[in-house]
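A short worksheet on the structure shown next.
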Amino acid sequence: MGLFDLLSRWPVIRQLKEGDSTALGDTAMSERSLHMEPRTRHADACVKSVCPYCAVGCGQRVFVQDGRILDIEGDEDSPVSRGRLCPKGAATFQLVTGSHRLHHCLYRRPGGTRWELLPLEQAMNMVAERVRKTRDSTWEARDSQGHAVNRTLGIAHLGGATLDNEENYLIKKLFTAGLGIVQVENQARI
């Protein structure tokens, strides 16, 4: 390959030769970039979601294929973020698909001196059992004056600010009507 052939492949020379001063045309393309396509092209579905990191609640579009997440991007329809994500929000894909994601948790038994590795499903079942046990053991059908209260004061809930109004509404209904929890708050108000 001669020097002229080598220089003619250089993008700046191609831009000058073809009059592409902005480098937005074919001169910006390489053999590799000509065959590239977006990861989202073959997605089965695009599910709208909300970024989990802070109280802003930026909209996200989650692209799914065969039950697996292909990519997560900002949602242009979101009035909050208009398709933009901060660096943490843009890294959500790695959060949910990364090999570093934990599938176990550490548990130390009451009075124990060592941590045990428990599968996440087992830990979630333990939490559910303890919520049920606490609710049942602290249940008040009537207060001291005999009024029906149907509540428990043994459990409280402090929600996260990344939940939207609809999710907070459903959580409030679950905790009050379903479990009788009356101490329900959200960190966005603290």
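FYI, it's all coordinate maths here, none of it is from the lab. Values in this document were obtained by computation on a predicted structure and should not be read as measured data. With ideal geometry, Cβ positions are generated from the backbone for all residues, glycine too; neighbour counts draw on all protein chains shown.
Can you list which of the trypsin sites (Lys or Arg not before Pro) found in segment 66-139 are DSSP loop residues with at most 16 other C-beta atoms within 10 Å? Please list the in-between numbers first.
Values: sites: ARG68, ARG82, ARG84, LYS88, ARG101, ARG108, ARG114, ARG130, ARG132, LYS133, ARG135; in loops: ARG82, ARG84, ARG101, ARG108, ARG114.
Passing both the DSSP loop test and the Cβ count: ARG82, ARG84, ARG101, ARG108, ARG114.
Efficiency by 1/(1 + (r/R0)^6): what FRET value for CYS54 and LEU153, r their Cβ-Cβ distance, R0 = 30 Å, to the nearest 0.05?
The calculated FRET efficiency here is 0.45.
Tell me the relative contact order for the chain as a rounded percent, counting alpha carbon contacts under 8 Å between residues six or more apart. Could the numbers behind the result be given before it?
Details: 226 pairs, mean separation 22.8, N = 190.
Over the chain, the number comes to 12 percent.
What are the membrane-span-like helices in the chain by this rule: whole DSSP H runs, Cα extent along the axis at least 20 Å, mean Kyte-Doolittle hydropathy at least -1.0?
Details: long enough: 120-137 (26 Å, -0.93).
Those that pass (Cα extent of 20 Å or more, hydropathy at least -1.0) are 120-137.
Roughly how big is segment 17-95's charge dipole about its Cα centre, with Cβ charges of +1 (Lys, Arg) and -1 (Asp, Glu), in debye to the nearest 20? All intermediate terms of the calculation are to be shown ahead of the outcome.
Details: 10 positive and 12 negative charges, 74 e Å.
So the dipole magnitude of segment 17-95 works out to roughly 360 debye.
What distance in nm separates the simple spin-label points at ARG132 and GLN145, each placed 7 Å from Cα in the Cβ direction?
Roughly 3.5 nm, to one decimal.
Would you grab the residues whose amide H sits under 5 Å from the one on VAL149? Only those 5+ places off in sequence or on another chain, please, with H modelled 1.01 Å from N.
ARG142, ASP143
Which part of segment 48-81 falls in the paramagnetic zone of ASN186, meaning amide N under 20 Å from the point 7 Å along Cα-to-beta-carbon?
Label zone hits: 48-60, 78-81.
With a point put 7 Å past each Cα toward its Cβ, work out how far GLU76 is from LEU102 in nm, to one decimal.
3.9 nm
Between segment 143-190 and segment 1-62, how far is it from one alpha carbon centroid to the other, in angstrom?
Cα centroid to Cα centroid, the span is 49 Å.
Any idea what the relative contact order of segment 46-159 is, in percent, if you count C-alpha pairs under 8 Å spaced at least 6 apart? Spell out each step's value before the answer.
Working: 140 pairs, mean separation 14.1, N = 114.
Relative contact order for segment 46-159 comes out at 12 percent.
Say each of GLN122 and ARG109 gets a label point 7 Å from the Cα, pointing the same way as Cα to Cβ; how far apart are those two points in nm?
Using points 7 Å along Cα→Cβ, the separation is 1.1 nm.
Can you give the FRET efficiency to the nearest 0.05 for VAL12 and ARG41, using r as the Cβ-Cβ distance and R₀ = 45 Å?
Details: r = 31 Å, r/R0 = 0.69.
The pair VAL12/ARG41 has a calculated efficiency of 0.90.
Could you check what % of the DSSP bridge pairs in the chain are antiparallel, to the nearest 5? Could the numbers behind the result be given before it?
Values: 19 of 24 bridges.
About 80 percent, rounded to the nearest 5.
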